[in-house]
Amino acid sequence: MKRKQKDFDQCLYHDIEDEEKADEYLKVCLPLVGTVVMNFNGLESELDSALCETFSERTDSFGLLMLHKMQYATKVDLLQRLCDDFHRAFTVENEFYPWLISKLKEVGKLRNVVVHADWESTDEEGFTFVKVQINKQGMKQEYIQFSQDSLNKIIDLIGEARQQLDGYWERRGEIFASW
């Protein structure tokens, strides 16, 4: 995804020269935004299930009580701590594990950028306002270009993370069962 910044003036303003072209761009990309959200929610649901299983194989209620109102990033951190402890206890590595945690974190960040973008500010080139950067040099408006290709890559990455979580959890179960 390409990024650009522009200086903040007095008011938060977005230059959209060709609104019709911007609307056409959105018609193509917004269904992909919905797919990002749907696939991410599926991934988070599988993460919840895996965590609940860690707490108890008999019921999800204890795990759901623990996870209630917990943000995604905190769930990933909890998974990492639980898995690190599991690997220490069983002194065995799982080939899916190192990649899994970094990808779960990455897709969480990407999902947040997509979901919290100001889609009504999208210009004819697909640059969408995401945030105001404040630093020593002043205030800058930051834009990201969400293309069909970049949104599809996010969707694919979420799918890969979901597959890795499934693979990891299956392998983890095998390790536990052989103990």
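The values are calculated or read from the model by the stated rules, or taken from the named source; none is laboratory data. The structure presented is a predicted model; accordingly, all values stated were derived computationally and were not measured. Cβ atoms come from the backbone with ideal geometry, glycine included; neighbour counts cover every protein chain shown. To get the accessible areas, we keep the full protein, side chains included, count just its heavy atoms, and leave off ligands, DNA and RNA. Shrake-Rupley method; radii C 1.70, N 1.55, O 1.52, S 1.80 Å.
Numbers at a glance
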read-out	value
Rounded accessible area of W119 (nearest 10 Å², 1.4 Å probe)	40
Distance in nm between pseudo-label sites at E120 and M66 (7 Å out along the Cβ direction from Cα)	4.2
Heavy-atom accessible area ranking, 1.4 Å probe, most first, across L157, L79	L157, L79
Theoretical gain in end-to-end length, V113 to V132 [0.36 nm per residue, Cα-Cα removed]	5.5 nm
Rg [Å, one decimal], Dmax [Å, integer] - the stretch 60-166, C-alpha atoms	18.0, 55
Extension gain from E17 to K2, taking 0.36 nm per residue of separation minus the Cα-Cα distance	3.5 nm
Dimensionless Rg ratio for the stretch 29-78, taking C-alpha atoms and the 2.2 N^0.38 Å reference	1.32
Accessible area in square angstrom per residue, the stretch 1-97, 1.4 angstrom probe	68
Trypsin sites (Lys or Arg not before Pro) within the stretch 1-97: DSSP coil, no more than 11 neighbouring Cβ in 10 Å	R58, K69
Choice from G138, G159, G63 showing the highest fluctuation, given a GNM over the chain with Cα pairs closer than 10 Å	G138
Fraction of accessible area attributable to carbon and sulfur, the stretch 85-179 (%, probe 1.4 Å)	49
Size of charge dipole - the chain - debye, nearest 20, with Cβ of Lys, Arg +1 and Asp, Glu -1, no other charges	780
Value at 222 nm in deg cm²/dmol, rounded to 500, when DSSP H runs of n ≥ 4 in the chain each add -39,500 (n - 2.57)	-22500 deg cm²/dmol
Förster radius 45 Å - calculated FRET efficiency between R58 and K27, Cβ distance, rounded to 0.05	0.40
Qualifying GluC sites (Glu not before Pro) for the stretch 63-110 [loop in DSSP, other Cβ within 10 Å: at most 14]	E93, E95
Solvent-accessible surface ranking, highest first, for E125, E170, E44, E120 at 1.4 angstrom	E120, E170, E125, E44
Dimensionless Rg over Rh [the stretch 1-102; C-alpha; Kirkwood]	1.18
Simple spin-label estimate for Q148 and D166 in nanometres, 7 Å along Cα-Cβ	2.7
Cα-based reach from K21 at 19 Å (exclusive), listing aspartates and glutamates while leaving out same-chain residues under 8 positions away	D118, E120, D123, E124, E125, D149
Nearest-0.05 FRET efficiency for S49 and D84, computed from C-beta distance (R0 35 Å)	0.95
Longest to shortest principal axis, alpha-carbon extents of the chain, angstrom	64, 37, 30
Restraint check, K2/K136; K6/K131; K4/K131; K6/K27, Cα-Cα greater than 18 Å	K2/K136; K6/K27
